[in-house]
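This report refers to the structure that appears directly beneath it.
Just so it is clear, none of the values below were taken in a lab; they were calculated from the coordinates. From a predicted model like this one, the values you see are computed outputs, not experimental measurements. Glycine gets a Cβ as well: all are built from the backbone with ideal geometry, and neighbour counts include every protein chain shown.
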Amino acid sequence: MLYTLKSYIKFILTSTNEHGVHSPFVFALLTKCIYKKRPIDKKLNAHLTQQPKNTSQGLISKKKQITLYKIASYFKSNEILVVGKSKKVATIFSLARPTSCVCIAEDFFEIQALEKQFDLVYIDTTNTALNPAALFEKTLYKADKNCVFIFEGIYANTKNTKAWQDIIASQEVTVSIDGFYWGLVFLKKGQEKQHFTLRL
């Protein structure tokens, strides 16, 4: 807990918003997706209002659920993989993309058994004992060239933060975003390698 708090203070001091971004791709992601205010979809709103106000028991905040909904919608994700015990997240993705295929896997064997190329991969590092960097390497073989990776809990502990640093250093990664609660990774070929620390 103390490590996470110290990391958050550092994040607040070093992070920025769209005004500190010089990448057209990331600027558009922020202004047209994550920061853009829009009416909440009726199905999403119904899902959110059915949830208890207490989010301490394995639930994620409504704000985070709305952001995940926006990301899946923005990238028009069709093949989605959720790694970990995150059925709530899988539900959000299904609401955002009703015609998409959303798969859930909890270990390397389940990932390898999936015969798909995914364009959105969500890895909950807080609900798995597996190393996030190792999970990333395994799922790379299942990732589409324009795949978006979302890592939950990159500052939950020092091990996760070290894994996050290894992930963004990978030669396969061209754009990465540290949003504290989430880490976003993109495999956009032909683009200059860039890293951003942003308030999402």
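The strands (runs of 3 or more DSSP E) falling completely within region 77-160 that include 2 or more residues that are of a type in the set (D, E, K, R) map to 118-124, 143-152.
For Thr139, the conditions (1) touching a residue at least 40 places away in the same chain (Cβ under 8 Å); (2) closer than 22 Å to Ala28 by Cα; (3) touching a helix residue (DSSP H, G or I) at 6+ places or on another chain (Cβ under 7 Å) are fulfilled apart from (2). Filtering Lys10, Lys36, Lys6 for residues that are more than 21 Å from Pro98 (Cα to Cα) and assigned to a loop (DSSP other than H, G, I, E, B) leaves a single hit, Lys36.
Residues in region 13-45 that are of a type in the set (A, V, I, L, M, F, W, C) and surrounded by 10 or more Cβ atoms within 10 Å (Cβ to Cβ): Val21, Phe25, Val26, Phe27, Ala28, Leu29, Leu30, Cys33, Ile34, Ile40, Leu44. Kindly evaluate Ala72 against the criterion of being in a helix (DSSP H, G or I) and loosely packed, with under 15 Cβ neighbours inside 10 Å. The answer is no for Ala72.
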